[in-house]
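Q: Structure in structure tokens, see below.
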Amino acid sequence: MSDFKGLTEAVIKGDIQTAVAETQTALDAGANLQDILDKGLIAAMDQVGEKFSTGQMFVPQMLRSAKTMQECMKLIKPLFQEDELATKGKVVIGTVRQDLHDIGKNLVAMMMEGAGFAITDLGVDVSPKDFTQKAQEVGADIVAMSALLSTTMPAMRETIEALQEAGIRDKVKVMIGGAPVTENFASEIKADSYAPDAGSAVIAAKKLLSIS
Amino acid sequence: MPMRLPPYRPLSPEDVRKIDQTSRRILERVGIRILEQSHLNILKAAGAIIDQSDQKVRFEAAWLDEILARAPSQFILYSRDGKNDVHLGKGKVYFANGGRVFRILDMGTGGYRLTMLRDVAHTATLVHCLDNISLYIIACQAHDLQPQHYHLNDFYHALNHTTKHVMGGCDSREGAEQMWELSVFIAGEEEELREKPFVSVITNPISPLTIDGNTLDILSFCCSKSIPVTCAPAPISGATAPATLAGTLCQMHAEALAGVAICQVFSPGAKVLYGAVPTTMDLRHMEYTMSSVEMAIMNGAAVQLAMIYDFPIYASGGVTEAKRPDIQSGCEKTFSNLMVAMNGADLIHLAAGMLDSGNSISYEQYVIDNEIIGMINRILSGISVNEGTLGFGVIEKVGPGGNYVMEDHTIEYMKEEFFYPDLSVRCNFDIWEERGRPSMLSRANDLVDEILDDGREGLLDTDLILEIKKKFPGIQNL
């Protein structure tokens, strides 16, 4: 079976139910795992990216497609040998201490997940200690922090210091973002990267881990 | 755009009645001066009172009503492809660009120059591609033409660059005839054009209370051929009309009714738009002011006056005195376009492209105004309230603390609920810097380049173009 038209269409539409059913059908028919991934799911996401860049699709639709792909991946992933399918990288993400704003952070998390990163979302009001512990626990490649308030921005610096004290600062890359955050602030607190929006966050994360 | 909002009404019903009565008194007692004996004779034969000594026609009330009753309350300004027909008198608001300027702000050089024939083709292409401008008005004088071939060329190049309805001013009956002959040729049959006229003609009386013979010749010709017309008074409050808004409206209403009535004498049932271009004079230095807020209110009020008689209106909005697309042009244009639209005018002309008190245009201003009109259309369509839009189901599903980004409800409604601008800069600061600090104007400039790069070729069939050029040797190439 080499035709994944039904699957790609369902992923583009963000129709989770149909896409999962199509994936199962392909698996039952004995289709090649790598083909389902490459010719079905990734091919669909390529079209989604294309439609998004020409304005035919909006962010919610792109996120839905990404989520649809993730749901299909849940069926495929266990069938791969452990070293056959690597995630792009492990990301621990959250809104910093005393800040409860999470829409921007959620968008970044969803976009990164759609792009193939393994996301651990710690939610809002995340203390430096919690960021550090979780990063150690999962062996994070990236710690991503968000702040909407200028008053909570200092917590980003404290989190970086906590990573240092725990001795893992050289093992993780730190990304920051949020309305008041700037490139300058990022270099001032010695974060590794700053992204102004969710789309750029994905690009920045890939760059940090040197993946295309 | 169909209106959902309750209309804005600057005049109370009592105000409307008083203005209308005063206008009728003007028509009955003061009259309209007609500078051509043959037309006075026609009007006399039709039952008007003629003051031969000072060449005036007066409209006795009962006769006026009888004549006005012949005018249609609805008609269509047809597009050639049926995709952009303008349905007048149906409660929809349409916008058109403005016409016959002589200067253009050229973004290539940053300076002003005289307009040329190519500017007619380019502005027609812009209107053809801009969704919120429903018909094309011949935008400018082609200074590279001999006057005897103005209208043949204007209309030919306009019709070759847009399938939307084309409206234009004509200088003479000969000009109107050229336009008509060309249009018949393109339509294939005279009857075709009579049935579905895709061209129409703008004329103006001379305020106060005068119509010249040439204008009447053009109106008489067009009405006889079923070409829609308007005879739109442009009184200037404080100069060619009283320095009160009510007084200017009384005079304008009288002039506009006279225009409709005379066309009905020429051809009963003639398709006429009640015309309104009231403006003001800045009396501090006698500066002609098209874009005053008083202009916006008066054009809004004019809609109420046309409605008494159930005539479709050709009103004005979107003008500015600013010399460049800037803050002044943005706010002046928005005020008048929005206010007149909120009154439910059938057609708002001058709504796009204009600068410099109606003397100049800029291509960029066309696309900027298209966006302003898009926002106005969104305002007119109001807030849709129904079971689906109230959204209780999705609010319950998301609950406290979640978000709505990926919900079906969001995806179902996001396209129709919001106006998505092409030019307004909405990206955040860093991305804005990364993109080279774009502005509405720089983005308008990019869009103009994109449209004109794609759209310079003509739309008419190549064989037809050859036939037209053979039949009408006066047509010049761009």
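Q: Mind listing whichever residues of segment A:15-32 are part of a helix (DSSP H, G or I) and of a type in the set (Asp, Glu)? Write out each step before concluding.
A: Taking segment A:15-32 as the starting set, the residues that turn out to be part of a helix (DSSP H, G or I) are A:16-28.
A:22, A:28 - these are the residues of segment A:15-32 that are part of a helix (DSSP H, G or I) and of a type in the set (Asp, Glu).
Q: Scan segment A:38-92 for residues that are assigned to a loop (DSSP other than H, G, I, E, B), within 12 Å of chain B (Cβ to nearest Cβ) and open to solvent by 50 Å² or more (accessible area, probe 1.4 Å) and jot them down. Even if it seems obvious, please write down each step before you answer.
A: Narrowing segment A:38-92 to residues assigned to a loop (DSSP other than H, G, I, E, B): A:54-58, A:80-89.
With the extra rule that they be within 12 Å of chain B (Cβ to nearest Cβ), the set shrinks to A:55-58.
Result: A:56, single match.
Q: Here's a check for you: in segment B:91-144, which residue that is basic (Lys, Arg) and touching a residue at least 60 places away in the same chain (Cβ under 8 Å) is farthest from residue B:360 (Cα to Cα)?
A: B:92
Q: Filter segment B:81-102 down to the residues that are surrounded by fewer than 21 Cβ atoms within 10 Å (Cβ to Cβ) and either of a type in the set (A, V, I, L, M, F, W, C) or assigned to a loop (DSSP other than H, G, I, E, B) (or both) and list them by number. Step through it out loud before you land on a result.
A: First, pick out the residues of segment B:81-102 that are surrounded by fewer than 21 Cβ atoms within 10 Å (Cβ to Cβ): B:81-83, B:85, B:87, B:89-92, B:100, B:102.
Selection gives B:81, B:82, B:83, B:85, B:89, B:90, B:91, B:100, B:102.
Q: Does residue A:162 fit the bill of being away from chain B (no Cβ under 14 Å), touching a Pro at 6+ places or on another chain (Cβ under 8 Å) and part of a helix (DSSP H, G or I)?
A: On the way: away from chain B (no Cβ under 14 Å): yes; touching a Pro at 6+ places or on another chain (Cβ under 8 Å): yes; part of a helix (DSSP H, G or I): yes.
Criteria met by residue A:162.
Q: Working only within segment B:162-183, note down all residues that are open to solvent by 10 Å² or more (accessible area, probe 1.4 Å) and of a type outside the set (Val, Ile, Thr).
A: From segment B:162-183, those open to solvent by 10 Å² or more (accessible area, probe 1.4 Å) are B:163, B:169-174, B:177-178, B:180-181; that's our starting set.
B:169, B:170, B:171, B:172, B:173, B:174, B:177, B:178, B:180, B:181 - these are the residues of segment B:162-183 that are open to solvent by 10 Å² or more (accessible area, probe 1.4 Å) and of a type outside the set (Val, Ile, Thr).
Q: Another question, then. Restricting the search to segment A:176-201, which residues are open to solvent by less than 20 Å² (accessible area, probe 1.4 Å) and either more than 14 Å from every other protein chain (Cβ to nearest Cβ) or assigned to a loop (DSSP other than H, G, I, E, B) (or both)?
A: Answer for segment A:176-201, where residues must be open to solvent by less than 20 Å² (accessible area, probe 1.4 Å) and either more than 14 Å from every other protein chain (Cβ to nearest Cβ) or assigned to a loop (DSSP other than H, G, I, E, B) (or both): A:181, A:189, A:191, A:195.
Q: State all residues of segment A:93-128 that are away from every other protein chain (no Cβ under 14 Å) and part of a strand (DSSP E or B); if no residue qualifies, say none.
A: Those that are away from every other protein chain (no Cβ under 14 Å) and part of a strand (DSSP E or B): A:93, A:94, A:96, A:118, A:119, A:120, A:126.
Q: Ok, one more. When the residues of segment B:417-465 are filtered to those that are among the hydrophobic types (A, V, I, L, M, F, W, C), more than 14 Å from chain A (Cβ to nearest Cβ) and outside any loop (DSSP other than H, G, I, E, B), which remaining residue is farthest from residue B:105 (Cα to Cα)?
A: In this case the residue turns out to be B:464.
Q: Check residue A:35 against each of (1) surrounded by fewer than 16 Cβ atoms within 10 Å (Cβ to Cβ); (2) part of a helix (DSSP H, G or I); (3) within 14 Å of chain B (Cβ to nearest Cβ) and name the one condition it does not meet.
A: (3)
Q: Report yes if some residue within segment B:4-22 is of a type outside the set (A, V, I, L, M) and in contact with a strand residue (DSSP E or B) (Cβ under 8 Å, 6 or more places away or on another chain); otherwise report no. Give the derivation first.
A: Pass one, segment B:4-22, residues of a type outside the set (A, V, I, L, M): B:4, B:6-10, B:12-15, B:17-18, B:20-22.
If we keep only those that are in contact with a strand residue (DSSP E or B) (Cβ under 8 Å, 6 or more places away or on another chain) too, we end up with none.
Scanning segment B:4-22, I find no residue that is of a type outside the set (A, V, I, L, M) and in contact with a strand residue (DSSP E or B) (Cβ under 8 Å, 6 or more places away or on another chain), so the answer is no.
Q: If you don't mind, another one. Starting from residues that are open to solvent by less than 80 Å² (accessible area, probe 1.4 Å) and at pLDDT 90 or above, keep the ones in segment A:93-107 and report whichever is nearest to residue A:45 (Cα to Cα).
A: A:105
Q: Tell me, please, whether a residue that is in contact with a Pro (Cβ under 6 Å, 6 or more places away or on another chain), closer than 21 Å to residue B:299 by Cα and in a loop (DSSP other than H, G, I, E, B) can be found in segment B:209-225.
A: Checking segment B:209-225: not a single residue is in contact with a Pro (Cβ under 6 Å, 6 or more places away or on another chain), closer than 21 Å to residue B:299 by Cα and in a loop (DSSP other than H, G, I, E, B).
Q: Please determine, by comparing only the residues of segment B:385-416 that are more than 9 Å from chain A (Cβ to nearest Cβ), open to solvent by 40 Å² or more (accessible area, probe 1.4 Å) and hydrophobic (A, V, I, L, M, F, W, C), which one is nearest to the chain's Cα centre (by Cα).
A: Looking at residues that are more than 9 Å from chain A (Cβ to nearest Cβ), open to solvent by 40 Å² or more (accessible area, probe 1.4 Å) and hydrophobic (A, V, I, L, M, F, W, C), I get B:385.
Q: Of the residues that make up segment B:180-197, is at least one in the same structural domain as residue B:317 (by TED's automatic domain parsing) and over 26 Å from residue B:459 (Cβ atoms)? Step through it out loud before you land on a result.
A: The initial filter retains those residues of segment B:180-197 that are in the same structural domain as residue B:317 (by TED's automatic domain parsing), namely B:180-197.
Next, from what is left, pick out any that are over 26 Å from residue B:459 (Cβ atoms): none.
Checked against the condition, which is being in the same structural domain as residue B:317 (by TED's automatic domain parsing) and over 26 Å from residue B:459 (Cβ atoms), segment B:180-197 yields no hits at all.
The values are calculated or read from the model by the stated rules, or taken from the named source; none is laboratory data. In this text the structure is predicted, and so the values were computed from the model without any measurement. Every residue, glycine as well, gets a Cβ built from its backbone with ideal geometry; the counts of neighbours run over all protein chains shown. Surface areas here come from the heavy atoms of the whole protein model, side chains and all, with no ligands, DNA or RNA. Shrake-Rupley method; radii C 1.70, N 1.55, O 1.52, S 1.80 Å.
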